[in-house]
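Worksheet: the structure to be examined is printed underneath.
The values are calculated or read from the model by the stated rules, or taken from the named source; none is laboratory data. This is a predicted model, so every value here is computed, not measured. A quick note on method: Cβ atoms are made from the backbone with ideal geometry, for glycine too, and the neighbour counts reach across all protein chains shown.
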Amino acid sequence: MKKIIISLLSFTIAISLAASIRVVSFNALNFGGNDEDRLPFIEAILNDIEADLFLFQEIEDSMGGELLLSAVNNGTDDFSGTVYLNGPDTNNYLAYRNSLITFGSQDTISTELRDISEYELIIDGNLIRFYSCHLKASTGYENERLEEVSNLRDHLNMLPNGSEFIIVGDMNFYTSSEPGYQKFIADESNNIGRAEDLSDEVGDWHNNSDYTFVHTQSTRSTQFGGGASGGLDDRFDFIFSSYQINNGVGLEYVDDSITSFGNDGEHFNLSINEGINSVVSPEVADALYNASDHLPVFAEFNSITSVQPLLIVSIPNIEEEWQQGTEHNIKWASANFDLNVKIELQNEDTQERDILVASTENDGEWMWNIPEDAILNEYKIVISDVVDGDPIDESNNPFYIIEPTTDYTIYEIQYSEVGASPLTGVEVITNGIVTGVGENSYFLQDGTDAWNGIFVYDYGTEVNQGDEINIMAVVEEYYDKTELTDVVEYSILSSGNDLPEAVSLSTIDVNQEDYEGVLVHINNAVCTDYDAGYGEWLVDDGSGSIMINDMMYAFAPTIGEMYDVTGIVDYAYSSYRIEPRYPSDVDMASSVQDGLIVSDLKLSNYPNPFNPSTTISFNLTTESTENSELIIYNLKGQKIKTFTVLPSGNNGSISWDGTNSNDQPVSSGIYFYKLNAGKETAMRKMLLLK
């Protein structure tokens with residue numbers, strides 16, 4: 001819990017309204033780094049709202065937060081964003097106007113389903129806490145929502161008396177009689193955490209035309225792109241404040257300013273862009289329709305300037321792990337205070353404090369060199385006025401001093417006789433050459449054989465193929481794929497390096513964990529399925545099929561054609577696949593091209609692929625002789641069956657039933673058929689599927 005001790009000295013407080021703050025809550029419908037197609041719609045919405053503080057729900061990953069920040073900024077640097085904290089299910093993100101608001105710290109309150117985010121912000125010298133929630137959805141889960149609200153209220157009740165807070169989010173309340181809603185506003189023995197709904201539109205909101213102006217879900221009457229449908233008929237998105245917030249200090253709510261953005265009251269059970277929308281332009285109505293199934297909700301607040309001194313520890317604050325012998329920035333925010341500060345290390349077992357620096361400038365950060373022999377334990381940072389210890393603050397949560405990370409080769413990270421990596425969950429240091437770069441990810445390899453490659457999931461790192469990098473990250477098993485994630489730091493040692501030589505494999509041999517993350521090459525593999533779904537296609541060199549995917553490069557194959565493919569082995573959705581990186585990684589098989597002779601014989605077969613038989617057709621010319629023959633070969637060049645071709649006018653055909661010269665069935669795979677007719681010859685390939 002945050003401890004803030006207010007000075008006992010008397011202050012003459014000149015109450016004055018300093019700024020107007022518009023606060024927005026917006027459920028962005030599972031928005032992540034792969035949703036750039038929705039970004040223009042979100043940008044149009046956020047720019048039209050013209051707010052100062054945006055709190056988002058249903059954010060899938062850190063890149064989603066970065067994209068939202070770019071939309072809010074719209075080419076400026078007016079807004080800053082918080083660190084994306086990855087918890088269970090989707091998460092929250094906050095962007096704030098940095099000329100009006102100073103970031104203090106952030107924390108999470110755990111619930112059974114999703115974390116509730118806490119943001120401590122300084123507005124005109126006031127500490128205001130903001131909470132972003134996404135409660136359990138659907139009818140029948142009222143008790144689960146009550147439990148989530150109870151967790152939040154228990155947290156709020158532990159704040160200093162008189163704390164001001166704003167609670168926003170997708171609450172999924174159908175009626176104000178729900179126990180979760182009532183828990184927010186209840187008059188209890190501890191009322192520090194008591195809240196009030198800033199809207200006076202209370203009642204049974206679900207599918208009720210009496211509340212058309214406050215409905216926020218759904219923007220669509222038909223389903224697409226996930227989310228709810230059916231048109232506007234629910235009030236799910238709320239803004240609560242601390243009880244009786246208009247008390248002459250901190251923030252003052254502007255009466256009747258809470259607004260369901262884009263709701264003109266005329267779209268009950270309709271899409272938000274159907275017909276005329278009288279409160280937003282057609283372009284913004286379309287953006288609301290396409291961006292999310294929720295409307296944003298905003299409210300206006302005026303701030304009253306405070307002159308009381310304030311300190312907030314920003315880092316460490318979210319259970320960081322800092323290694324012995326490393327350097328880390330301790331950061332803090334302050335208001336109405338410019339004297340030097342003292343920084344102390346508090347042992348959470350003994351509550352004893354050691355002075356890290358007796359006096360340092362109040363500039364918001366101080367570099368700490370953690371001793372190599374620092375005791376492994378839980379700690380908090382305490383920062384206070386160097387003169388009399390007031391104001392003072394400490395980390396919300398303990399951080400941990402841990403042993404230094406060990407260097408490992410990629411082989412040591414990947415290799416296991418059976419099951420997951422032996423280093424799962426361990427923070428490691430490794431290095432290698434970048435062999436391929438995808439969206440928010442890349443592949444790293446430090447050798448030329450099995451177990452020497454690995455997938456790296458990383459939003460913040462910009463690397464290029466051929467870079468040699470050193471990386472500190474956590475080993476994870478993501479649905480049975482070993483990967484490096486939660487990158488702590490990285491450095492590019494050199495660039496433009498030669499890549500490891502691709503390992504030549506049969507298609508069936510790609511299907512094993514040994515080559516996960518390794519650059520490989522397959523030869524003479526025929527396309528057996530040109531559309532296996534989601535940009536994937538299948539090839540087979542006669543040993544067994546392997547999937548080709550489009551993570552880095554998409555190729556449109558032709559069924560029955562034979563290809564040489566180079567790429568990196570990946571694993572997803574319970575199957576291995578090769579990931580080509582650029583056009584030159586996929587080529588027509590050269591050995592086949594050499595053997596396919598162009599002539600006037602018009603050699604072909606149908607169907608192809610075939611099962612159980614195919615008809616081979618040809619056109620015998622005047623130069624053909626009576627000694628013509630058709631020969632079937634396998635991939636190894638072994639003769640399978642020979643047919644004598646007798647002249648019969650110009651056109652001829654032979655049916656092959658997939659048997660050898662002993663009339664025994666042959667296996668599935670690629671076969672060649674060659675026609676020798678006098679001085680002319682032609683060869684083609686075909687695929688037998690069983």
Out of Ser271, Ser260, sole residue that is crowded, with 23+ Cβ neighbours inside 10 Å and in the same structural domain as Phe130 (by TED's automatic domain parsing): Ser260
Restricting region 472-509 to residues that are among the acidic types (Asp, Glu) and in contact with a helix residue (DSSP H, G or I) (Cβ under 9 Å, 6 or more places away or on another chain), the residue that is surrounded by the fewest Cβ atoms within 10 Å (Cβ to Cβ): Asp480
Check whether at least one residue in region 242-254 is surrounded by 19 or more Cβ atoms within 10 Å (Cβ to Cβ) and under 28 Å from the mean Cα position of the chain (by Cα), and report yes or no. no
Taking Ile469 as the residue in question, decide whether it is in contact with a Ser or Thr (Cβ under 6 Å, 6 or more places away or on another chain) and surrounded by 14 or more Cβ atoms within 10 Å (Cβ to Cβ). no
Return the only residue of Asp234, Asp187 being assigned by TED's automatic domain parsing to the domain that holds Tyr289 and either farther than 24 Å from Asn91 by Cα or touching an Asp or Glu at 6+ places or on another chain (Cβ under 9 Å) (or both). Asp187
Check on Gly180, in the same structural domain as Asp256 (by TED's automatic domain parsing), surrounded by fewer than 21 Cβ atoms within 10 Å (Cβ to Cβ) and out of contact with any Pro (no Cβ under 6 Å at 6 or more places or on another chain): no
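Yes/no per residue for (1) over 26 Å from Tyr671 (Cβ atoms); (2) among the small types (Gly, Ala, Ser); (3) out of contact with any Phe, Trp or Tyr (no Cβ under 7 Å at 6 or more places or on another chain):
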{"residue": "Gly542", "(1), (2), (3)": "no, yes, yes"}
{"residue": "Ala554", "(1), (2), (3)": "yes, yes, yes"}
{"residue": "Ile559", "(1), (2), (3)": "no, no, no"}
{"residue": "Met562", "(1), (2), (3)": "no, no, yes"}
{"residue": "Val565", "(1), (2), (3)": "no, no, yes"}
{"residue": "Arg577", "(1), (2), (3)": "no, no, yes"}
Among Asp393, Asp354, Asp449, which is the only one that is touching a residue at least 40 places away in the same chain (Cβ under 8 Å), among the charged types (D, E, K, R) and either surrounded by 15 or more Cβ atoms within 10 Å (Cβ to Cβ) or not in a loop (DSSP other than H, G, I, E, B) (or both)? Asp393
Could you run through region 505-546 and say how many residues are over 27 Å from Ile471 (Cα atoms) and either in the same structural domain as Thr430 (by TED's automatic domain parsing) or assigned to a loop (DSSP other than H, G, I, E, B) (or both)? 10
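Residue-wise test of (1) within 28 Å of Ile42 (Cβ to Cβ); (2) exposed (fewer than 15 other Cβ atoms within 10 Å of the Cβ); (3) among the hydrophobic types (A, V, I, L, M, F, W, C).
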site	(1), (2), (3)
Asp187	no, yes, no
Arg194	no, no, no
Asp197	yes, no, no
Glu201	yes, no, no
Asp204	no, yes, no
Tyr211	yes, no, no
Gln223	yes, yes, no
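Wholly within region 633-690, which strands (runs of 3 or more DSSP E) include no fewer than the required count, namely at least 1 residues that are modelled with pLDDT of 80 or more and either of a type in the set (Asp, Glu) or exposed (fewer than 15 other Cβ atoms within 10 Å of the Cβ) (or both)?
Values: elements: 639-644, 651-656, 669-677, 680-688.
Of the strands (runs of 3 or more DSSP E) lying wholly inside region 633-690, those with at least 1 residues that are modelled with pLDDT of 80 or more and either of a type in the set (Asp, Glu) or exposed (fewer than 15 other Cβ atoms within 10 Å of the Cβ) (or both) span 639-644, 651-656.
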Of the residues Leu159, Leu127, only one is within 27 Å of Ile304 (Cβ to Cβ), part of a loop (DSSP other than H, G, I, E, B), touching a residue at least 60 places away in the same chain (Cβ under 8 Å) and more than 31 Å from the chain's Cα centre (by Cα); which? Leu159
Would you confirm whether or not region 38-48 contains a residue that is crowded, with 21+ Cβ neighbours inside 10 Å, in contact with a strand residue (DSSP E or B) (Cβ under 6 Å, 6 or more places away or on another chain) and assigned by TED's automatic domain parsing to the domain that holds Met171? no
Only one of these is within 19 Å of Ile318 (Cβ to Cβ) and touching a Gly at 6+ places or on another chain (Cβ under 9 Å): Asp61, Asp107. Name it. Asp61
Condition (residue is in contact with a Leu (Cβ under 7 Å, 6 or more places away or on another chain), touching a residue at least 12 places away in the same chain (Cβ under 8 Å) and farther than 21 Å from Ser105 by Cβ) applied to region 302-317: is it met by at least one residue? yes
Here, strands (runs of 3 or more DSSP E) confined to region 33-101 with at least 2 residues that are hydrophobic (A, V, I, L, M, F, W, C) are 53-59, 91-97
Please work out which residue is surrounded by the most Cβ atoms within 10 Å (Cβ to Cβ), limiting yourself to region 143-157 and to residues that are under 14 Å from Leu113 (Cβ atoms) and hydrophobic (A, V, I, L, M, F, W, C). Val149
Of the residues in region 453-466, those that are in a loop (DSSP other than H, G, I, E, B) and touching a Gly at 6+ places or on another chain (Cβ under 8 Å) come to Tyr459, Gln465, Gly466
Only one of (1) in a loop (DSSP other than H, G, I, E, B); (2) surrounded by 19 or more Cβ atoms within 10 Å (Cβ to Cβ); (3) not hydroxyl-bearing (Ser, Thr, Tyr) does not apply to Val279, and that is (2)
When Ser221 is evaluated against the numbered criteria (1) more than 19 Å from Ser25 (Cα to Cα); (2) part of a helix (DSSP H, G or I); (3) not charged (D, E, K, R), which criterion, by number, is the only one it fails? (2)
Looking at Gly81, Gly64, Gly104, which is the one that is farther than 22 Å from Arg145 by Cβ, crowded, with 19+ Cβ neighbours inside 10 Å and touching a helix residue (DSSP H, G or I) at 6+ places or on another chain (Cβ under 7 Å)? Gly81
Just to be sure I understand the filter: pairs with C-beta atoms under 9 Å, separated by 6 or more residues or on different chains, first member in region 550-569 and in a strand (DSSP E or B), second member modelled with pLDDT under 95 and aromatic (Phe, Trp, Tyr). Which pairs pass? Tyr563/Phe555; Val565/Phe555; Gly567/Tyr553
Considering each of Thr424, Thr435 in turn, give the residue that is part of a strand (DSSP E or B), among the β-branched types (Val, Ile, Thr) and either modelled with pLDDT under 95 or closer than 26 Å to Glu462 by Cβ (or both). Thr435
Please specify each residue of region 403-419 satisfying the condition of being surrounded by 13 or more Cβ atoms within 10 Å (Cβ to Cβ) and among the hydroxyl-bearing types (Ser, Thr, Tyr). Thr405, Tyr408, Thr409, Tyr411, Tyr415, Ser416
Answer yes or no: is there a residue in region 619-629 that is modelled with pLDDT of 90 or more, over 30 Å from Tyr553 (Cα atoms), in contact with a Leu (Cβ under 9 Å, 6 or more places away or on another chain) and in a loop (DSSP other than H, G, I, E, B). no
